[in-house]
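These notes are about the structure you will find just below.
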Amino acid sequence: MPIASAQHPYEYIMLCGGPSLHLWEKYKQEPHDNYWGCFVRAARTRIQQLEPQLKDNPAVTITVLIYLDGYRTRSVQEHRELIPLIYSVRDTYKLNLVPFQDGEDVVRYLNYGKPRGQIKIADFEYFGHSNQDAFMFDYSNQVGSCSKSWLHQNQLAQIHRGIFAPGAYVKSWGCYTGESMSQKFRAATGTSMIGAVGRVDYSNRDEALNGIEPVLSSAGGRWTR
């Protein structure tokens, strides 16, 4: 993975979807997102893992792109305001936190969020719901088992080539994206994206960091490019 220096002020981007609601999930045998912060905490855990190699590089920017609307609706279910908790993570880790509405916003940030001629993307990782074709930012939040906000693999061609640093690390920690979306990402950008064949489970705790590290959960599941 590229490491930022004064000559190469790279950006590290964590893309974070929103949680589902009990309203839609309560009748399922395996309801999603019993914990509201599974994606936020997994992204935070990943940032903590990166900190040792980035701490001496003041040129680094760590950005969290987050679908905040999903946490506003989940706040009603939790009977407490979740947005201040998310902003406390921003403040603790000195992050650039950028809310977004849909996949077009995500593509726009990737292309234009920084002057990409000078600041390339060294790391891009997704934490959230997905299927083989799309990142689903509000799965089972507005509509049961569906999404109204997404980044579909057909939109990947809108991402500019050349915005990723040589050797950039790109990974989707969502379910099934290794079955199609990873290949479409590489074809569109020239950069490989690691994705899962099968499902990914967000209940795996990283006790050392008091965090969450997603793991494969399907029989025969694997990571692929």
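The values are calculated or read from the model by the stated rules, or taken from the named source; none is laboratory data. Computed from a prediction, not measured in an experiment: that's the story for all the values here. FYI the Cβ positions are ideal-geometry reconstructions off the backbone, even for glycines, and counts take in every protein chain you see.
Points worth noting:
- The one condition from (1) out of contact with any Pro (no Cβ under 8 Å at 6 or more places or on another chain); (2) of a type in the set (A, V, I, L, M); (3) within 22 Å of residue 46 (Cβ to Cβ); (4) not in a strand (DSSP E or B) that residue 76 does not meet is (3).
- Candidates 31, 52, 9, filtered to the one that is surrounded by fewer than 19 Cβ atoms within 10 Å (Cβ to Cβ), out of contact with any helix residue (DSSP H, G or I) (no Cβ under 9 Å at 6 or more places or on another chain) and over 17 Å from residue 168 (Cα atoms): 52
- Enumeration of residues in the range 105-147 that are in a loop (DSSP other than H, G, I, E, B), small (Gly, Ala, Ser) and touching a Cys at 6+ places or on another chain (Cβ under 8 Å): 128, 140
- Residues in the range 88-104 that are free of Cβ contacts under 8 Å to residues at least 40 places away in the same chain and either surrounded by 20 or more Cβ atoms within 10 Å (Cβ to Cβ) or assigned to a loop (DSSP other than H, G, I, E, B) (or both): 2 in all.
- Test: residue in the range 46-53 that is among the β-branched types (Val, Ile, Thr), modelled with pLDDT of 95 or more and out of contact with any Leu (no Cβ under 7 Å at 6 or more places or on another chain): yes
- Residue check, residue 178 crowded, with 21+ Cβ neighbours inside 10 Å, small (Gly, Ala, Ser) and touching a Phe, Trp or Tyr at 6+ places or on another chain (Cβ under 8 Å): yes
- Yes/no for residue 67 being under 24 Å from residue 160 (Cα atoms) and of a type in the set (Phe, Trp, Tyr): yes
- The condition of being among the hydroxyl-bearing types (Ser, Thr, Tyr), in contact (Cβ under 8 Å) with a residue 40 or more places away in the chain and outside any strand (DSSP E or B) holds for residue 203.
Condition check ((1) over 15 Å from the mean Cα position of the chain (by Cα); (2) in contact (Cβ under 8 Å) with a residue 24 or more places away in the chain; (3) part of a loop (DSSP other than H, G, I, E, B)) across all residues:
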{"position": "2", "(1), (2), (3)": "yes, yes, yes"}
{"position": "13", "(1), (2), (3)": "no, yes, no"}
{"position": "18", "(1), (2), (3)": "no, yes, yes"}
{"position": "23", "(1), (2), (3)": "yes, yes, no"}
{"position": "31", "(1), (2), (3)": "yes, no, yes"}
{"position": "40", "(1), (2), (3)": "no, yes, no"}
{"position": "45", "(1), (2), (3)": "no, yes, no"}
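- Remark: pairs (first residue in the range 67-79, within 7 Å of residue 18 (Cβ to Cβ) and in contact (Cβ under 8 Å) with a residue 40 or more places away in the chain; second residue β-branched (Val, Ile, Thr) and assigned to a helix (DSSP H, G or I); Cβ separation under 7 Å; 6+ apart in sequence or on different chains) = 71/83; 71/86.
- Going through (1) out of contact with any His (no Cβ under 8 Å at 6 or more places or on another chain); (2) at negative phi one by one, residue 167 falls short only on (2).
- Qualifying positions in the range 47-81 - over 17 Å from the mean Cα position of the chain (by Cα) and within 21 Å of residue 106 (Cβ to Cβ): 60, 72, 73, 74
- Test result for residue 149, in contact (Cβ under 8 Å) with a residue 60 or more places away in the chain and within 19 Å of residue 66 (Cβ to Cβ): yes
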